[in-house]
1. Got a number for residues in region 229-250 being in contact with a strand residue (DSSP E or B) (Cβ under 6 Å, 6 or more places away or on another chain) and crowded, with 17+ Cβ neighbours inside 10 Å?
2. What is the number of the single condition among (1) more than 23 Å from VAL211 (Cβ to Cβ); (2) surrounded by fewer than 19 Cβ atoms within 10 Å (Cβ to Cβ); (3) in contact with a strand residue (DSSP E or B) (Cβ under 8 Å, 6 or more places away or on another chain) that GLN81 does not meet?
3. Output the residues belonging to region 6-58 that are of a type in the set (A, V, I, L, M, F, W, C), surrounded by 17 or more Cβ atoms within 10 Å (Cβ to Cβ), in contact with a Lys or Arg (Cβ under 9 Å, 6 or more places away or on another chain) and within 24 Å of ALA247 (Cα to Cα).
4. What's the number of the only condition in (1) assigned to a strand (DSSP E or B); (2) within 19 Å of VAL25 (Cα to Cα); (3) more than 21 Å from the chain's Cα centre (by Cα) that ARG251 fails to meet?
5. Only one residue in ALA205, ALA258, ALA227, ALA219 is of a type in the set (Gly, Ala, Ser), within 22 Å of the chain's Cα centre (by Cα) and outside the structural domain of ALA97 (by TED's automatic domain parsing), so which one is that?
6. What are the pairs, 6+ residues apart or on separate chains, where a residue within region 222-244 that is touching a residue at least 60 places away in the same chain (Cβ under 8 Å) has its Cβ under 8 Å from a residue that is surrounded by fewer than 16 Cβ atoms within 10 Å (Cβ to Cβ) and of a type in the set (Ser, Thr, Tyr)?
7. Can you give me the ranges of the strands (runs of 3 or more DSSP E) entirely in region 1-90 with at least 3 residues that are free of Cβ contacts under 8 Å to residues at least 60 places away in the same chain and not assigned by TED's automatic domain parsing to the domain that holds GLY115?
8. Return the only residue of ASP163, ASP179 being within 19 Å of the chain's Cα centre (by Cα) and modelled with pLDDT of 95 or more.
Amino acid sequence: MPPLVDAFGGLLIVDKEGGWTSHDVVAKSRRLLRTKKVGHAGTLDPMATGVLVLGVERATKLLGQLILTTKSYTATIRLGQSTITDDAEGEVTATTAAGHLTDADVAARVAELTGDIQQVPATVSAIKVNGERAYARARAGEEVELAARPVTVSRFDILARRDIDTGDTHFVDLDVAVDCSSGTYIRALARDLGEKLGVGGHLTALRRTAVGPFTLDHARTLDQVEAAAEAGEPVLNLDIDAAVRTAFAVRDITETQANDLRNGRWLEPVGLPGVYAALDPTGHAIALLQESGKRASSVMVVRPANL
């Protein structure tokens with residue numbers, strides 16, 4: 001059977017359920033859309049829920065640019081307990097009563113983890129170490145040491161605090177909201193906050209609420225996508241033109257300029273920063289451009305001459 005989308009495709013914004021890996025979502029989407037050309041921008045852990053951006057058909061080539069954008073999350077951090085994975089899915093490694101912590105104590109340490117920081121990623125992560133994923137090495141029993149790297153946490157707000165006395169110990173659960181740069185591990189924030197407070201910490205819940213301009217308002221569950229496909233309704237949230245207009249600044253170009261870009265030529269710069277989209281007079285996205293010196297060159301030709 002033919003694919004449900006055209007050769008240019010677009011973006012499918014999925015509200016991922018807990019228990020699914022990002023690869024599971026991609027595999028199911030390939031079956032639903034009847035195409036192998038599906039990829040995702042930014043991995044979500046199986047425990048996490050929320051926004052997962054999928055590119056379909058030619059729009060998969062947009063994902064390299066979308067991966068670089070900011071992410072937003074809501075999460076719950078448990079203070080007073082550490083785990084081997086820095087989240088609730090891992091074995092508990094230490095428990096320390098946290099009931100003595102004041103709101104001021106917590107706020108001071110949160111402030112230290114806000115802004116431009118150096119973060120050691122979670123050991124059980126998808127980062128490659130000598131060609132192999134860190135999580136694979138860790139699960140094989142190896143000692144994995146990852147280097148700290150710069151990330152930006154532009155928002156780290158405490159939304160609520162719950163003190164939990166189990167009888168044996170006293171935990172503190174914090175509901176938080178985080179806006180951060182790509183590559184930031186929320187699990188690592190939970191771990192580091194617990195370490196700074198001297199009681200340990202880990203993540204018990206995580207929901208991604210936005211990837212750049214794409215939010216939960218755009219997202220649908222895979223069940224909803226499947227129902228749309230069965231009903232013959234549109235399955236993509238955004239076709240490739242709408243996706244480009246949503247994600248990038250726009251430059252309007254002439255048909256002559258569009259033909260130049262379709263055939264691999266460059267345009268004169270107009271002073272726009274970063275990567276932006278060039279739209280022809282009909283509103284179709286022709287290319288993503290970036291200016292350097294006296295050229296505005298394509299970083300991706302959306303509609304090449306041979307398509």
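1. 9
2. (2)
3. PHE8, LEU12, ILE13, VAL14, VAL25, VAL38, LEU44, ALA48, VAL51, LEU52, VAL56
4. Every listed condition holds for ARG251 apart from (2).
5. Numbers: ALA205 fails: outside the structural domain of ALA97 (by TED's automatic domain parsing); ALA258 fails: within 22 Å of the chain's Cα centre (by Cα); ALA227 fails: within 22 Å of the chain's Cα centre (by Cα).
Result: ALA219 is the single residue among ALA205, ALA258, ALA227, ALA219 that is of a type in the set (Gly, Ala, Ser), within 22 Å of the chain's Cα centre (by Cα) and outside the structural domain of ALA97 (by TED's automatic domain parsing).
6. Going by the 8 Å Cβ cut-off, the qualifying pairs are LEU238/THR246.
7. Values: elements: 10-16, 38-41, 49-56, 71-79, 81-83.
So the answer is 38-41.
8. On the way: ASP163 fails: within 19 Å of the chain's Cα centre (by Cα).
After ruling out the rest, the residue left standing is ASP179.
The values are calculated or read from the model by the stated rules, or taken from the named source; none is laboratory data. This structure is a prediction, so every number in the text was calculated from the model and none was measured. Using ideal geometry, Cβ is built from the backbone for each residue, glycine included, and neighbour counts are taken over all protein chains shown.
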